[in-house]
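Notes to accompany the following structure.
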Amino acid sequence: MINEIIDKVNLHKKRAKLALEEIKKWDELDSGIFEDFEKIKTIDTFIYRFIKLQDIMGEKLFKTFLDSIGEYKDNMSLLDVLDKLEKFEIISDANKWMEYRKLRNELTHEYPNNENDVIDGIKIAMDFFNEIEDIFNNIINYLSKKGLLDENK
């Protein structure tokens with residue numbers, strides 16, 4: 001089960017990263033991007049994949065990871081899960097993930113109503129993306145060291 005979730009995370013991560021790399025090539029990230037349909041598609045892709053990436057990690061990967069190492073209980077809140085992940089040095093700060101969730105919610109609710117808020121959110125998401133990628137890599141490395149991944153996939 002963990003391998004299936006990892007595959008889904010990888011899919012969203014790779015597609016978000018492709019969109020992110022495209023966005024970084026642009027001269028500027030301002031309201032002018034909303035006049036260019038190709039840029040709108042790239043922004044939409046990045047936001048969608050960023051949100052999906054965060055959702056699957058927060059709702060499935062973290063719990064499944066903790067369960068695979070014998071540390072998950074059904075009654076754990078997200079904050080309990082994040083605290084455990086911090087204990088295992090998977091994440092550096094449980095509160096930081098809560099900031100990611102807040103940004104995710106803002107991107108979901110703001111977009112496309114206020115272009116300036118969307119641009120600010122995209123810029124923050126671009127910064128957060130690397131941290132989210134690091135968290136994912138920490139999980140992979142931990143599971144690999146413990147021999148808990150199907151490496152033959």
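Checking residue 123 against (1) at pLDDT below 95; (2) in contact with a helix residue (DSSP H, G or I) (Cβ under 9 Å, 6 or more places away or on another chain), only one condition comes out false. Which one? Single failed check for residue 123: (2).
Given the options 23, 91, 56, name the one that is part of a loop (DSSP other than H, G, I, E, B), touching a helix residue (DSSP H, G or I) at 6+ places or on another chain (Cβ under 7 Å), among the hydrophobic types (A, V, I, L, M, F, W, C) and modelled with pLDDT of 95 or more. Can you show your working first?
Working: 23 fails: part of a loop (DSSP other than H, G, I, E, B); 56 fails: part of a loop (DSSP other than H, G, I, E, B).
Result of the check over 23, 91, 56: 91.
Scanning the range 13-57 for residues that are of a type in the set (Val, Ile, Thr) and within 30 Å of residue 140 (Cα to Cα) yields 23, 42, 43, 45, 47, 51, 56.
Just the residues that are touching a residue at least 12 places away in the same chain (Cβ under 8 Å), over 16 Å from residue 106 (Cβ atoms) and not hydroxyl-bearing (Ser, Thr, Tyr), please, taken from the range 29-51. Those that are touching a residue at least 12 places away in the same chain (Cβ under 8 Å), over 16 Å from residue 106 (Cβ atoms) and not hydroxyl-bearing (Ser, Thr, Tyr): 29, 30, 33, 34, 39, 49.
Determine whether residue 84 is more than 21 Å from residue 8 (Cα to Cα), modelled with pLDDT of 95 or more and either among the hydroxyl-bearing types (Ser, Thr, Tyr) or surrounded by 15 or more Cβ atoms within 10 Å (Cβ to Cβ) (or both).
On the way: more than 21 Å from residue 8 (Cα to Cα): yes; modelled with pLDDT of 95 or more: yes; either among the hydroxyl-bearing types (Ser, Thr, Tyr) or surrounded by 15 or more Cβ atoms within 10 Å (Cβ to Cβ) (or both): yes.
Answer is yes for this residue.
For the range 34-83, a tally of residues being under 23 Å from residue 130 (Cα atoms) and over 18 Å from the mean Cα position of the chain (by Cα) returns 3.
Can you tell me which residue among 28, 4, 86, 38 is part of a loop (DSSP other than H, G, I, E, B) and of a type in the set (Asp, Glu)?
Details: 4 fails: part of a loop (DSSP other than H, G, I, E, B); 86 fails: part of a loop (DSSP other than H, G, I, E, B); 38 fails: part of a loop (DSSP other than H, G, I, E, B).
So the residue among 28, 4, 86, 38 that is part of a loop (DSSP other than H, G, I, E, B) and of a type in the set (Asp, Glu) is 28.
Conditions (1) in contact (Cβ under 8 Å) with a residue 24 or more places away in the chain; (2) over 14 Å from residue 46 (Cα atoms); (3) among the basic types (Lys, Arg), marked per residue:
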{"site": "86", "(1), (2), (3)": "no, yes, no"}
{"site": "90", "(1), (2), (3)": "yes, yes, no"}
{"site": "96", "(1), (2), (3)": "yes, yes, yes"}
{"site": "101", "(1), (2), (3)": "yes, yes, yes"}
{"site": "107", "(1), (2), (3)": "yes, no, no"}
{"site": "124", "(1), (2), (3)": "no, no, no"}
{"site": "135", "(1), (2), (3)": "yes, yes, no"}
{"site": "139", "(1), (2), (3)": "yes, yes, no"}
{"site": "144", "(1), (2), (3)": "no, yes, no"}
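So that you can scan it fast, the table gives a plain yes or no per residue for (1) more than 24 Å from residue 119 (Cα to Cα); (2) in contact with a Ser or Thr (Cβ under 7 Å, 6 or more places away or on another chain); (3) of a type outside the set (Phe, Trp, Tyr):
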| site | (1), (2), (3) |
| --- | --- |
| 2 | yes, yes, yes |
| 13 | no, no, yes |
| 40 | no, no, yes |
| 48 | no, no, no |
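The values are calculated or read from the model by the stated rules, or taken from the named source; none is laboratory data. In this text the structure is predicted, and so the values were computed from the model without any measurement. Using ideal geometry, Cβ is built from the backbone for each residue, glycine included, and neighbour counts are taken over all protein chains shown.
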